Every structure is written in C-alpha cells, then in structure tokens.
Amino acid sequence: MIQDVQRYNQIIHTALAADSLAMLKHCLSRQDEIKNGLDKISLTAERILDIQVKISHDAKRNQVLRDFGRVNPRGEYETNRKLRQGLTGLWLTQGPDFDFWYSTPGSRLWCSGIPGAGKSVLAVAMIEECLQRNAQDTRKAVAYFFCTYKNESSQHSTTILSSLCMQLEMQSESAFQILQEYHDQLFSGRDLSARPTAETLAQKLHLICACFTRTYIIVDGLDECDHRVAANVECLAKLSLLQGYDVINMALSSRDEIIIRQRLKNDFPHVEIKAHTEDLQLYVASELSERIASKQLRLRDQSLKDLIMTRLVGGAKGIFEEICEAISLEEDATTLEDDEIVEEEELLRWCSSLVRVSKSGSFNGGKTRIQFAHFTVKEYLHSLKTRNSNHEYPQLKEYAVSHEDGIDFFYFLCLRFLTMEDIERFPPTRDTTRAISCILAQRRRRTFYEPSVLTWVAYATTSKMVDRTRKLLRKLLHPSKTPAFCLGAIDFIFCHHPSSIEASSEPIKILSQVIAAVLRPEFTPLHMAAAFSMPDAC
C-alpha cells in the first residue's frame, strides 16, 4: 500500500510539473501578444500626442485669425457678387487698363465713379478675375477689403491692414510665421494694452507680401471712411510705393473726391467707372428672358422685347435708395430716422406690378434701381391727367403723373430734406471748418441729400410753387439765417465753386473760404434769394 501511495505521489508531481510547464509555455507565448499590445498602446499614445499638437497649432492660428480679422470682408464680397450679372464688367477686366495692371509688377490703379456707377460690383469682378488668373500659381495671392459707412469699424486703417494681413497669412506658412511673431509681441501678456498700429501693420504687410511672387490688393469704398479718408488713402498709397519689392499690385476704388484725387493722381493711373450700354443690355436681356421663361411676362409680339430693351436701357434712372428716403418723410415731420425709412419690400407691395427693380448689374454699384415695369405703364398714368371726369374709373386720376407735377413734387422734397431740423445750432468749437465738414459728411450719407442740395435752385425757376412749397422755401431762407440754410448754402457754393474741381486746388482751404463767406453777418438769405431770382421767398 505504501508503494502505491509513493507511486501516486510521483504521478501527481509529474502531472503538476507538466501543468506548470504548460502554463510557463503559455505565459511565454503571451509575451509576444503583450508586446504587440504595448506597441499598439504606444502608437496610439503617439497619435493622440500628434493630434494634441495639431489642435494646439490650429487653436493658435485661429486666435491669430480672430485678433487680426475682426472685420471680415467676405460678407460684402458675397453681397456684391450676387448683384453682378455674369458677363457684365468685361469692358474693365478684359480691357487694356486692367490687363496692364495685372501683368506689370508693382503697378497701381484707381477706379472712380459717381454713386450708383457700379464701383463695388466691379471691384468684385476684379477680385474674381485675379483669382481666376492665379488659379494655377500658388505663388500669387489676392487680398481685398470693402470699406462701408454702415460699419464704422471698417473705416480704420488698422482694420484694413489687419484684414489684408489675415487673408494673406492663410495662403502661406511663411506669411503666417511673420504674423504670428507680431501677434506674440502684441499679446504676450507683458503689455495687455498693446494694439497694432497702422505703421507697424504696413511694415508687416510689406514683409508678408514678399512671401509671394505677386500680391494683388483691392480696396473698395475709400470715400466711405468719413473723416479718415485722407489718412487711409495716404496709408495705402505709401504701402504700394514702398521700395525694395515690386510684388504689390494695388487697385483702389472710390468716388472721385478731391481729397482722394489729390493724393492718387500722380501715382495711380485713373479709370473712370460709368454705366456701359453693353452692361445695361446684358442685364435687361437676362431679366426679360428670365421673366418670359417663368411666365411672369407674356409677350404676344416678340418684337416688343426689343422695344422694351431699348426703352429700359435708355431710361434706367432713379436710384432706389433715393426714392425710399424721399417718400419716407411724413407730412409734418422735421427729422428722418433710419428706422423710419420705408423698406424695399413695402414699396414694392404698394406698387405691385407697376414697377420693377434691378437686383444686379455692374451699372448700379449695389444700389437697387426702380423703374416702370413697362413703358405703357408710364403712358397710361400720364394719360390720366388729360382724361375727362366721365372716365370709367375717375378715382384713378389721383394717380396721374406728368413731367410738370414731377418737377413740383421733386422740388418740394428737396426743400423738405434741406429744412429738416436735425441740427439747431453749430457745435461750439474753435475749428469751425472741421466741425461743419463732419456735419456735411453725415448729411451726405443720405442718398437723397446730394440731389436736394445741388438741384433745388434749378427747380425754383421751373416749379409752379404751390403753397406748401413756398412755405418751405421761406423757412429755408428765413431772415434768422438758420443752420439748415448755412449748411445748404455752404454745400451748394462749395460744389459749384470753380476751383473745387481743379486738380491743383486744396479742398479744405476752399471749404474754409466758403464757410467764412457764408457765416459772415453781411451774407443773408435775402442775398441768395436775390441771386437766384426767387421773389416768392421775399
């Protein structure tokens, strides 16, 4: 029995040894699996670390973009791009002036035009043309900016330059490094009040432009920068003229104002923007085709389409903003607030199918224009004036129109705008010229103000002068010499001053002389009434 126990004990030990060896072999075989698992964990950790580094880099770049791109011009770009008819503006982008500007290193261009000429829309056309020509060459870059009077932040030179820097750094890593270094200097935490300056931004922008073989910079709306116009024009002109690199091709767009022309006339070749018949025809043809296809316009005689085009292209008048402002004045109102101006949709609802508006086209510069939907509408409304009272719908006579009534009503509206009591007295200041210049600049923001101040005298001799118009004229020419009269007289005389349109003149000096002459006690409203033969005002 003892032998049996010993034999069983030996068997058990042998079995345990075999099981331990199997377990050992199994453990050894798992080492490779464990090692592979550890390698995978290590690789995953490295990937996570790479992702964290990438996120950190992106966050840094986004912070730079936020700090230098506080005003994004993309919104204005898209707005004006939608207003453009596809083939309009080719007279500029396919013309010799633009071609020379694009292909010549370090070249400059100044495009100017009256309000409604299409400056902003053509600026978009130039941007798109540059982007298209640069598509196959990453060494060339495009940056742009739109200054607007509605956004005060867009009127600062630091904002303009910051946005240009921001756009260019997104197109080159080298450019980003330059801007990032400047960003670190400004926002390192050592000086929380540090802000970018126009001078330093111009220097950095010049270095950034050198990262490319050619940089195309397009800035629109310089005339909308209020009292900062001169400073902004000077800043951009200096940037384009910096020595060392001929990589900056700059194009500026604005109204043809003396203060801008004086600075740019010697260094920037000038192109005048005006409504081109080809653009008008393209727009009208496109609109007619669209309306005919959608059954909104039904023509039994197809030759009528050509007649409509001829009449509409020849008579595309009446900037819509002017009309909205003109009809927004209540009968007894003495001021006009922005929130009181009639909305486009409301006016169109009132007039329904009698009128049509132009939503796009380079000739209108982003300002919607309104016109009769068809020449027969005008003829019908005009005929109501001469029809007798037994007409089928005699109440329609209230809607009759005529050239004479139009003159009377327009003259009345001009006087309404000029006599609005938006200012009771001039602010007390030693620099009277600057104060009045700022007031006039604010008044000129009203679209209807400019035709009011420039044309009211001409209409005085042709209007039938009904009682309400005569009352306003006497209010404007009141012997007390109101601020409204002084401002209107100053603006009228300055705009018609012979020297104000000469290239060699100094606008501030001329304006100062006009202000001094009008504010003299010896100059009275009676003098102006007599000068323009206005006996009804006396």
Selection status of Ile510, surrounded by fewer than 19 Cβ atoms within 10 Å (Cβ to Cβ), part of a helix (DSSP H, G or I) and either of a type in the set (A, V, I, L, M) or modelled with pLDDT under 80 (or both): yes
Return the only residue of Gln177, Gln171 being surrounded by fewer than 18 Cβ atoms within 10 Å (Cβ to Cβ) and either of a type in the set (S, T, N, Q) or more than 18 Å from Thr138 (Cβ to Cβ) (or both). Gln177
Suppose the filter is touching a Phe, Trp or Tyr at 6+ places or on another chain (Cβ under 8 Å) and modelled with pLDDT of 95 or more; does Leu179 pass it? no
Yes or no: the range 188-197 includes at least one residue that is surrounded by 15 or more Cβ atoms within 10 Å (Cβ to Cβ) and more than 22 Å from the chain's Cα centre (by Cα). yes
Being surrounded by fewer than 13 Cβ atoms within 10 Å (Cβ to Cβ) and hydrophobic (A, V, I, L, M, F, W, C) is the filter; apply it to the range 47-67 and report the residue that is modelled with the lowest pLDDT. Ile51
Can you run down the residue pairs with Cβ atoms below 7 Å, 6 or more apart or on separate chains, where the first is in the range 158-176 and over 11 Å from Val64 (Cβ atoms) and the partner is part of a helix (DSSP H, G or I) and hydroxyl-bearing (Ser, Thr, Tyr)? Thr159/Ser153
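Every residue, every condition in (1) at pLDDT below 95; (2) hydrophobic (A, V, I, L, M, F, W, C); (3) within 25 Å of Leu201 (Cβ to Cβ); (4) in contact with a strand residue (DSSP E or B) (Cβ under 7 Å, 6 or more places away or on another chain), yes or no:
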position: Ile218; (1), (2), (3), (4): no, yes, yes, yes
position: Arg228; (1), (2), (3), (4): yes, no, yes, no
position: Ser240; (1), (2), (3), (4): yes, no, yes, yes
position: Asp246; (1), (2), (3), (4): yes, no, yes, no
position: Asp256; (1), (2), (3), (4): yes, no, no, yes
position: Lys265; (1), (2), (3), (4): yes, no, no, no
position: Leu282; (1), (2), (3), (4): yes, yes, no, no
position: Ser286; (1), (2), (3), (4): yes, no, no, no
Which of the residues belonging to the range 183-217 are in contact with a Leu (Cβ under 8 Å, 6 or more places away or on another chain) and not in a loop (DSSP other than H, G, I, E, B)? Ala198, Leu201, Ala202, Lys204, Leu205, His206, Ile208, Cys209, Thr215, Ile217
Report whether or not Arg108 is surrounded by fewer than 23 Cβ atoms within 10 Å (Cβ to Cβ) and touching an Asp or Glu at 6+ places or on another chain (Cβ under 7 Å). yes
Taking the range 122-151 only, how many residues are surrounded by 22 or more Cβ atoms within 10 Å (Cβ to Cβ) and polar (S, T, N, Q)? 0
With Arg30, Arg70 as the choices, which residue is surrounded by 10 or more Cβ atoms within 10 Å (Cβ to Cβ) and modelled with pLDDT of 75 or more? Arg70
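The values are calculated or read from the model by the stated rules, or taken from the named source; none is laboratory data. Please read all numbers here as calculations on a predicted model, not as lab measurements. Positions of Cβ are generated from backbone atoms using ideal geometry, with glycine treated the same way; all protein chains shown enter the neighbour counts.
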